[in-house]
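Input: a single structure, listed below in structure tokens.
The values are calculated or read from the model by the stated rules, or taken from the named source; none is laboratory data. Note that this is a predicted model, so its numbers are computed, not measured. Using ideal geometry, Cβ is built from the backbone for each residue, glycine included, and neighbour counts are taken over all protein chains shown. Accessible surface areas use protein heavy atoms only, side chains included; no ligands, DNA or RNA. Shrake-Rupley method; radii C 1.70, N 1.55, O 1.52, S 1.80 Å.
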Amino acid sequence: METETETEMEAEAETERDAGGDAGATAGRRRAGGAALDIRTRAVHVSSAPPGEGGSRPLSVPLVQSSAFAFDSADALAEAMAGPDGPYVYSRRGNPTVRALERTLAGLEGGVSALAFASGMGAISGVLLALLRPGDHVVAQRCLYGGTYAVLSDLAARYGIAVDYVDGADEAEFAALVRPTTRVLFLETIGNPVGQVPDLPGLLAAARAHGVLGVVDNSLASPVLCRPIEHGADIVVHSTTKYLAGHSDVLGGVAVFADDRLRHEIWPRTVEFGATADPFAAWLTLRGLPTLPLRIAQHCANAAALAGRLAAHPAVAAVHWPWLPGHPSCDRARALLSGGGGMVAFDLAGGRAAGRAFVARVRLARLALSLGGVETLVTHPASTSHRELDEEALAAACIGPGTVRLSVGIEDAEDLWADLAQALSEVNSVRSTQ
Ligand code: PLP
């Protein structure tokens with residue numbers, strides 16, 4: 001019975017993939033007349049369950065929580081172990097629910113295949129460790145998510161891999177750093193936390209021209225706002241923990257490939273490293289995906305409403321939201337992204353003390369380290385995640401002493417502003433008495 005279900009799931013997925021056809025151009029299925037389906041439609045229909053008994057089928061992808069799969073003969077089991085696409089053997093190597101997630105995310109990102117991981121960092125470190133050897137060289141965007149920066153620093157300090165950083169605004173800066181050993185260019189569509197948007201098409205074209213693999217962390221944009229494979233990326237990575245799952249109840253990561261040979265190159269190492277996705281986490285992520293476009297639209301609308309008001313507030317020295325006029329990446333962001341995203345960072349004029357006071361005074365927004373969920377979260381990096389850094393090191397991480405990071409949720413914008421405004425007014429008085 002399991003084998004039948006798996007086979008049918010495979011067949012279903014093949015149909016999905018075939019229907020995805022010209023994935024690079026449209027990232028999904030086409031209508032009969034040739035027009036691309038809107039992402040709101042694809043998010044609902046791209047993952048479908050295999051047929052069940054008697055010709056009916058479950059509406060949602062079933063959770064296959066089995067760690068291993070039984071075979072009738074040693075030969076059949078041995079044959080199944082040959083590669084990533086054979087019958088399921090052991091869930092660290094592949095699992096029907098995990099594979100459904102991989103195919104769904106490959107479809108939404110416009111890739112040909114994907115591998116799901118236990119976390120975003122599992123995906124990022126898994127891809128980098130699988131691709132790189134001692135002596136290789138990596139070029140990465142300067143203002144990166146701190147976890148990625150830590151992996152790159154470790155690769156440089158302990159594993160003999162050279163790393164250089166670029167601002168990301170200018171492909172010439174990248175081209176000047178390329179060496180014969182350069183293997184990977186690592187970018188973020190929207191940089192965490194201050195929202196720099198690199199010249200993705202220019203840099204990825206330059207990478208391709210030099211035979212360098214372009215890897216893009218698309219966690220903050222999601223495939224709703226940008227599909228980097230359409231701009232020349234070879235691999236797109238995500239913390240699915242964030243917008244894709246969207247409900248702050250699951251950890252996960254994914255790598256989506258523009259060329260299936262990369263999946264075949266990376267898969268054996270992901271099986272060895274073991275940071276593969278758990279089926280229940282994959283199932284929860286699939287459960288979040290149909291509402292992704294709706295959630296992203298609301299995140300973006302709320303972020304726009306709050307960014308403008310924050311920029312006009314006397315307690316705020318600067319607002320970092322990529323679609324806000326005056327943001328250094330605004331032109332690039334408006335050309336590349338179909339919305340400004342839900343992450344808004346801002347610098348409080350009162351510095352570190354004001355940042356600490358602000359996150360203690362919000363009532364609706366919660367002080368928590370994650371982002372991308374339905375609820376609004378705040379953090380003050382200088383006194384939490386980056387508390388060991390002095391001002392110079394903070395500046396190198398694109399963070400100021402008074403920078404607050406706001407992951408704008410999907411609540412009512414007026415309710416959110418009322419909360420932020422009451423916290424800001426108290427911060428103003430804290431500052432004046434210090
Ligand atoms: N990439 C970005 C842009 C992130 O913001 C994060 C986490 O905040 C990660 C990767 C790591 O993801 P995870 O926490 O799922 O390992």
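In table form, for the structure just shown:
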{"item": "Qualifying residue in region 366-385 (condition: without any contact (Cβ under 8 Å) to a residue 60 or more places away in the chain and over 27 Å from the mean Cα position of the chain (by Cα))", "result": "no"}
{"item": "Residue selected from region 41-63 under the condition of a type outside the set (A, V, I, L, M, F, W, C) and not in a loop (DSSP other than H, G, I, E, B), by the criterion farthest from N95 (Cα to Cα)", "result": "T41"}
{"item": "All helices (runs of 4 or more DSSP H) inside region 64-170 with 3 or more residues being more than 16 Å from the ligand (Cβ to nearest atom)", "result": "74-80, 96-109, 146-158"}
{"item": "Given (1) among the small types (G, A, S); (2) over 21 Å from F273 (Cβ atoms); (3) more than 16 Å from the ligand (Cβ to nearest atom); (4) part of a loop (DSSP other than H, G, I, E, B), index of the condition G191 fails", "result": "(3)"}
{"item": "Region 164-178, residues that are open to solvent by 30 Å² or more (accessible area, probe 1.4 Å), under 24 Å from G195 (Cβ atoms) and out of contact with any Gly (no Cβ under 6 Å at 6 or more places or on another chain)", "result": "D164, Y165, D167, A169, D170, A172, E173, L177"}
{"item": "Any pair with Cβ under 7 angstrom, 6 or more apart, that starts in region 124-149 at a residue that is assigned by TED's automatic domain parsing to the domain that holds T270 and ends at one that is of a type in the set (S, T, N, Q) and open to solvent by 40 Å² or more (accessible area, probe 1.4 Å)", "result": "G135/T181; D136/T181; H137/T181; G146/S385"}
{"item": "Elements of type strands (runs of 3 or more DSSP E) in region 295-399, at least 2 residues being open to solvent by 10 Å² or more (accessible area, probe 1.4 Å) and modelled with pLDDT of 95 or more", "result": "316-320, 343-348"}
